[in-house]
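The values are calculated or read from the model by the stated rules, or taken from the named source; none is laboratory data. For clarity, every value in this text was computed on a predicted model and none was experimentally measured. Counting neighbours? That spans all protein chains shown, and the Cβs are built from the backbone with ideal geometry, glycine included.
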Amino acid sequence: MPENRINIGVLLGDPSGIGPELISKLLSEKITNDVNIVVIGEKNILESGDKISGKSNNLKVVNNFDEINFNESNKFFLDISNGKNHTYTLSKCSKEAGKAVIESLNLALDLAKQNKIQAINFGPFNKTSMMMGGNKHSDELHLMAEKLNVKDFFCEFNVVDNFWTARVTSHIPISEVPKHIKKDNIIKPIKLINEAMKLNGIKKPRVAVQALNPHAEFGVEENNEIIPAIEDAKKQGIDADGPLPCDTSFITAFKNKNHDCIVGMYHDALQSGLKAFGFDRGVTVQGGLPIPITTPAHGTAFDIAGKNKANLEPTLQSFKIALTMAENKFK
């Protein structure tokens, strides 16, 4: 196997959810034969996923990354069990599950900092379990950014059918949103999503920008902050357009294919539209980090964990995006 391929770290996700069975299925897909893969986690979690999915991937098991030789194989399992053989209860949050996720994630991020892997694709995490397991951040993105020493702007991208979204504010009360709607805050996700989409193969992304107020006219933010940000983006060579009224923005941009992405002012203005058009196909991209990091957007789905009913498509699409972005970034 050629050693000059991209190395992707793959994480099993929360062991109590659908992540392990999805990653087991993913490893049987043809696309995974064209890249070097290092699955990181506890061996019994992988075996549990294989048992549920009915797949047998026969990964070469190592206990240290330095044992890997990609001339021998393109798929390895980096076992971090260290003698631990914990059995995780399906469909239940736990401190132990959160710790397992954080341990595998921290190792993957360390390998990324050493340039031993050039992208990370992970099965869905559970925020509650991660907090129980010791994560002090509001979400995994902030944990990753701290671990990777990111000082510049970063944000989450959500993707359906290669249509991307980014937001100026995220998990804050709606009452706090207006004070953050400033030109300098708006231009940051516009620039970031423009660069990220270029890495994903869109040479000249068409960036739509949502309004904050109904019909883009019942307030002052559009004229004072949003339009100046759009004009600034245009001066920097970005194909930016707007502000689009939130209630019709996804019809204009996504359904009618007039744009490749939308930047919005707050969480629900974007997520409501995107999930309505394709909740079962969503992908999350962690934007602004040194390497591409992606995951399916649907979560751990405790209601169907262990039943082999989980849809592989979002996981497969998230893997493809990670691979494409890494190839364009590092090759």
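Looking only at region 131-168, how many residues end up being basic (Lys, Arg), without any contact (Cβ under 8 Å) to a residue 60 or more places away in the chain and either touching a strand residue (DSSP E or B) at 6+ places or on another chain (Cβ under 6 Å) or not in a loop (DSSP other than H, G, I, E, B) (or both)?
Count: 1.
Where in region 212-313 are there helices (runs of 4 or more DSSP H), lying fully within it, with 1 or more residues that are surrounded by fewer than 18 Cβ atoms within 10 Å (Cβ to Cβ) and aromatic (Phe, Trp, Tyr)?
Hits in region 212-313: 267-278.
For the subset of region 13-56 comprising residues that are of a type in the set (A, V, I, L, M, F, W, C) and assigned to a helix (DSSP H, G or I), which member is farthest from the chain's Cα centre (by Cα)? Can you show your working first?
If we filter region 13-56 for residues that are of a type in the set (A, V, I, L, M, F, W, C), which is where we start, we get 18, 22-23, 26-27, 31, 35, 37-40, 45-46, 52.
Now drop any that are not assigned to a helix (DSSP H, G or I), which leaves 22-23, 26, 31, 45-46, 52.
On the way: 22: 15, 23: 15, 26: 16, 31: 19, 45: 21, 46: 21, 52: 24 Å.
Among them, the one singled out is 52.
Kindly check whether there is at least one residue in region 314-326 that is in a loop (DSSP other than H, G, I, E, B) and touching a residue at least 12 places away in the same chain (Cβ under 8 Å).
Within region 314-326, not a single residue is in a loop (DSSP other than H, G, I, E, B) and touching a residue at least 12 places away in the same chain (Cβ under 8 Å).
What tally of residues in region 95-123 results from selecting those that are outside any helix (DSSP H, G or I) and either surrounded by fewer than 24 Cβ atoms within 10 Å (Cβ to Cβ) or at pLDDT below 95 (or both)?
3
Name the residues in region 220-252 that are under 17 Å from residue 164 (Cα atoms) and small (Gly, Ala, Ser), would you?
240, 242, 249
Which numbered condition in (1) over 19 Å from the mean Cα position of the chain (by Cα); (2) surrounded by 19 or more Cβ atoms within 10 Å (Cβ to Cβ); (3) farther than 23 Å from residue 48 by Cα is the only one that residue 72 fails?
Of (1) over 19 Å from the mean Cα position of the chain (by Cα); (2) surrounded by 19 or more Cβ atoms within 10 Å (Cβ to Cβ); (3) farther than 23 Å from residue 48 by Cα, only one is false for residue 72: (2).
Within region 11-35, restricting attention to residues that are of a type in the set (Ser, Thr, Tyr) and surrounded by 24 or more Cβ atoms within 10 Å (Cβ to Cβ), which residue is nearest to residue 144 (Cα to Cα)?
Only one residue fits best here, namely 16.
What is the number of the single condition among (1) touching a Cys at 6+ places or on another chain (Cβ under 8 Å); (2) farther than 24 Å from residue 284 by Cβ that residue 16 does not meet?
(2)
I need every pair where a residue in region 247-269 that is touching a residue at least 24 places away in the same chain (Cβ under 8 Å) and over 23 Å from residue 219 (Cα atoms) has its Cβ under 9 Å from the Cβ of a residue that is basic (Lys, Arg) and surrounded by fewer than 21 Cβ atoms within 10 Å (Cβ to Cβ), sequence separation at least 6 or different chains.
Final answer for the pair search is 258/206; 259/206; 260/204; 260/206; 261/206.
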